[in-house]
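Input: a single structure, listed below in structure tokens.
The values are calculated or read from the model by the stated rules, or taken from the named source; none is laboratory data. The structure presented is a predicted model; accordingly, all values stated were derived computationally and were not measured. As a convention, Cβ positions derive from the backbone with ideal geometry for all residues, glycine included, and neighbour counts pool all protein chains shown.
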Amino acid sequence: MLKLERYEGNPILKGIPGEPFHSKYIYNAGATIHDGKVKLVYRAEGDYPRPDVESKWPLTMLGLAESEDGFNFTTHKEPFMKPVGPEEKRGIEDPRISKIDDVYHILFVQVGADDSGKQEESLALATTTDFKTVERKWRVMPDVDQRTSGLLPAKVKGKYVLIHRVSPNMNIAYSEDLKTWHDSKVLMEPRPDVAWESHKIGIGAQPIWTEKGWLLFTHARDRDGAYHLSIAWLDLDDPSKVISRPDYPILEAEAEYERVGLTKNVVYTCGAVEWQGRFLVYYGGADTVLAVASAPADEVMATL
């Protein structure tokens, strides 16, 4: 059975006192490789409260970090993206990055609220080519209340492919232009007889191309609220076809930084990369800090 190995230096990022936008918490990072370095776009929470409600979560923004070895990261003192507009009045969070051709597509969550104060969540798209400037695009499936999604890093039969969660399931949908999405259908469902993923399931990191199939690092929540990570494989030519899905988790909340924090017993990934013969999986611990765990690429491939 595949098990991810925690980096002995975890957590790799945590709140930085004195830098207001990420002074308290850093977690849930999208990951990619750019200019020979691992780049992370992470969920940042600091000294700014949500403007309309008292919450244990401050106003969320997105920060940027980079590393030459995949483990030791340098952060920037200013946000990579700030929330704008009413749809984001409670923040932006949980980005996932997919490189399609020469453009890095960043899907992220907009957190707002209706007139009654009920929280509303939706997906939005931004792009960058250099991680210096960001172009905001548009909302994705604006009529669907959701927060978990990732784009395949290539078109399949001329169409963009989106893996997204319509709770409690993981769905797949298609588009010709990244604006209008159609044919959304269930890709995977929770398994009531598998305790660790009995409540809901969703995409974790962005899909990763391999010669054997599309690799998904997934997350699942059990009925006690604990999160777990696992994997799944999709067919290269027909990603709506699940060709392998183990019945065991590859990472569970065991370390103190995974069990104790804003939310107990959480390991949650938004990004992974293949780097120097290993898959590095970046994950939030207890909605508080950012950590990384890894496995040799050949061991991951052997699960198919």
| message | For region 256-286, give me each residue that is more than 15 Å from Asn28 (Cβ to Cβ), crowded, with 17+ Cβ neighbours inside 10 Å, more than 13 Å from the chain's Cα centre (by Cα) and of a type in the set (A, V, I, L, M, F, W, C). | response | Trp275, Phe279, Leu280
| message | With basic (Lys, Arg), surrounded by 15 or more Cβ atoms within 10 Å (Cβ to Cβ) and part of a strand (DSSP E or B) as the only criterion, which of Arg96, Arg136, Arg147 stands out? | response | Arg96
| field | Single condition Ser244 does not satisfy, out of (1) crowded, with 17+ Cβ neighbours inside 10 Å; (2) among the polar types (S, T, N, Q); (3) touching a residue at least 60 places away in the same chain (Cβ under 8 Å) | value | (1)
| When the residues of region 207-229 are filtered to those that are without any contact (Cβ under 8 Å) to a residue 40 or more places away in the chain and crowded, with 22+ Cβ neighbours inside 10 Å, which remaining residue is nearest to Ala293 (Cα to Cα)? | His228
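Rundown of residues vs (1) in a loop (DSSP other than H, G, I, E, B); (2) farther than 26 Å from Glu256 by Cα, yes/no style:
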| residue | (1), (2) |
| --- | --- |
| Asn10 | yes, no |
| Ile16 | yes, no |
| Phe21 | no, no |
| Tyr27 | no, no |
| Leu40 | no, no |
| Pro49 | yes, yes |
| Glu54 | yes, yes |
| Glu66 | no, no |
| Pro83 | yes, yes |
| task | For region 168-176, state whether one or more residues are within 16 Å of Tyr268 (Cβ to Cβ), crowded, with 21+ Cβ neighbours inside 10 Å and in contact with a strand residue (DSSP E or B) (Cβ under 6 Å, 6 or more places away or on another chain). | result | yes
| field | Test for Leu62: is it crowded, with 22+ Cβ neighbours inside 10 Å, touching a strand residue (DSSP E or B) at 6+ places or on another chain (Cβ under 8 Å) and farther than 25 Å from Asp183 by Cα | value | yes
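Give region 287-301 a look and list any residue that's more than 14 Å from Arg6 (Cβ to Cβ) and either free of Cβ contacts under 8 Å to residues at least 40 places away in the same chain or buried (at least 18 other Cβ atoms within 10 Å of the Cβ) (or both), or say none.
Asp287, Thr288, Pro296, Ala297, Asp298, Val300, listed by residue number.
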| query | Are there any pairs, at least 6 apart or on different chains, whose C-beta atoms fall under 6 Å, with the first in region 36-57 and under 15 Å from Lys24 (Cβ atoms) and the second among the hydroxyl-bearing types (Ser, Thr, Tyr) and modelled with pLDDT of 95 or more, and if so, which? | reply | Arg43/Tyr27; Arg43/Thr60; Glu45/Tyr25; Glu45/Thr60; Gly46/Ser23; Asp47/Ser23
| message | Can you say whether Gly117 is buried (at least 17 other Cβ atoms within 10 Å of the Cβ) and either over 27 Å from Thr32 (Cα atoms) or at pLDDT 95 or above (or both), as far as the supplied structure shows? | response | no
